[in-house]
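The values are calculated or read from the model by the stated rules, or taken from the named source; none is laboratory data. Source: prediction; values computed, not measured. Here Cβ is always computed from backbone atoms with ideal geometry, including for glycine, and neighbour counts include all displayed protein chains.
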Amino acid sequence: MIRIDLQLALHYEVDAGGADFIFNIHPAYTACQQVSNENLWLSQAVTSHLHTDPTTGNRYLRLRAFSGELKLSYSATVDLFHHRVNTADLFEVPVQNLPAQALGYIYPSRYCQSDRLIKLATRAFGGMWQGYGRVQAIAQWVQAHVAFTSNSSTANTSAVDTLIEQVGICRDFAHLMIALCRAVNIPARFATGTDYGADPVLGPPDFHAYVEVYLQDRQGLGAWYIFDASGTATPMAFMRFGTGRDAADVAFATIFGTVQTHAPFIQAWAVDDASRGMEMPYRCVDALSTDVGGIYG
């Protein structure tokens, strides 16, 4: 088991008239992710509503803020129970056999224009053995062709833009990997968490985007397996906030109104306590999943 203690703080200046916020900063409820000791604090005396999506387990906090300063702090303990499989024992699932919950992740989406990358993906990956190895080859191809560069993209940057510019941040790496996977009929989805284990030279701790791909083992058990498209963090420590088709579905903050945004403060610590079955995250050679069967609960 991996135990992560999470603390984060967000800070905004809201213009006259107020603004509506939808936050996705609560770790999701999944079969392999348990959340406890949650604390939420808001600087304004406003009513908030926390909604859990019944399909994904994503949790969304909604509120309307008054004009002026809005600060939010959140803390929790997250226990991760990984499903581990030898990578040689994982296979792609033919479209005709995909479960219903995976079908939505083989189509193009706003930031992942897989229909525009079919020729490229087929030429580069179409002849490969259809399993974990092909997905890993796609991730490595993205890392080889895109340079991680802070502040190199905007909220409108898509997978095709990243392919052309060859620079990006974790969000852009994830979008390009997802688009290439979908272009060869592999279900892939966008996931959000924190960048535990990232090199400090890349900047202070931050939110992180990664990829989950639907694969099946030799016994026919399907699961969403974790891939760090940018290669900058430690996948074993990825607590999941949300999953969606792309970043449009699971932004950590969606704002309706005029707001000045300050940089987030994020800290995530792993607890090392072997006497209670806890281990420190490391770069594992096995495939990892925290969503066995593709559903939460």
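Of the residues making up region 77-86, one or more are farther than 30 Å from Tyr132 by Cβ, in contact (Cβ under 8 Å) with a residue 40 or more places away in the chain and assigned to a strand (DSSP E or B). On inspection, Ala209 passes the criterion of being closer than 19 Å to Ser150 by Cα, in a strand (DSSP E or B), modelled with pLDDT of 95 or more and of a type in the set (Gly, Ala, Ser).
Exactly one residue out of Gly197, Gly220 is surrounded by fewer than 17 Cβ atoms within 10 Å (Cβ to Cβ) and either assigned by TED's automatic domain parsing to the domain that holds Ile106 or without any contact (Cβ under 8 Å) to a residue 60 or more places away in the chain (or both), and it is Gly220.
Is at least one residue of region 50-73 assigned by TED's automatic domain parsing to the domain that holds Asp172, small (Gly, Ala, Ser) and either within 29 Å of Pro187 (Cβ to Cβ) or not in a loop (DSSP other than H, G, I, E, B) (or both)?
No: zero hits.
In region 140-188, the residue that is nearest to Asp286 (Cα to Cα) out of those that are buried (at least 24 other Cβ atoms within 10 Å of the Cβ) and among the small types (Gly, Ala, Ser) is Ala188. Contact annotation: residue pairs with Cβ atoms under 6 Å, 6 or more positions apart or on different chains, pairing a residue in region 112-129 that is under 25 Å from Ala209 (Cα atoms) with a partner that is surrounded by 14 or more Cβ atoms within 10 Å (Cβ to Cβ) and of a type in the set (Lys, Arg), are Ser114/Arg182; Phe125/Arg134. On the stretch given as region 269-294, residues that are farther than 30 Å from Gly133 by Cβ and not in a loop (DSSP other than H, G, I, E, B) total 4. Of all the listed residues (Phe66, Phe91, Phe23), the sole one being free of Cβ contacts under 8 Å to residues at least 60 places away in the same chain and among the hydrophobic types (A, V, I, L, M, F, W, C) is Phe66. The listed residues are Gly133, Gly127, and the only one of them that is part of a loop (DSSP other than H, G, I, E, B) and more than 30 Å from Val35 (Cα to Cα) turns out to be Gly127.
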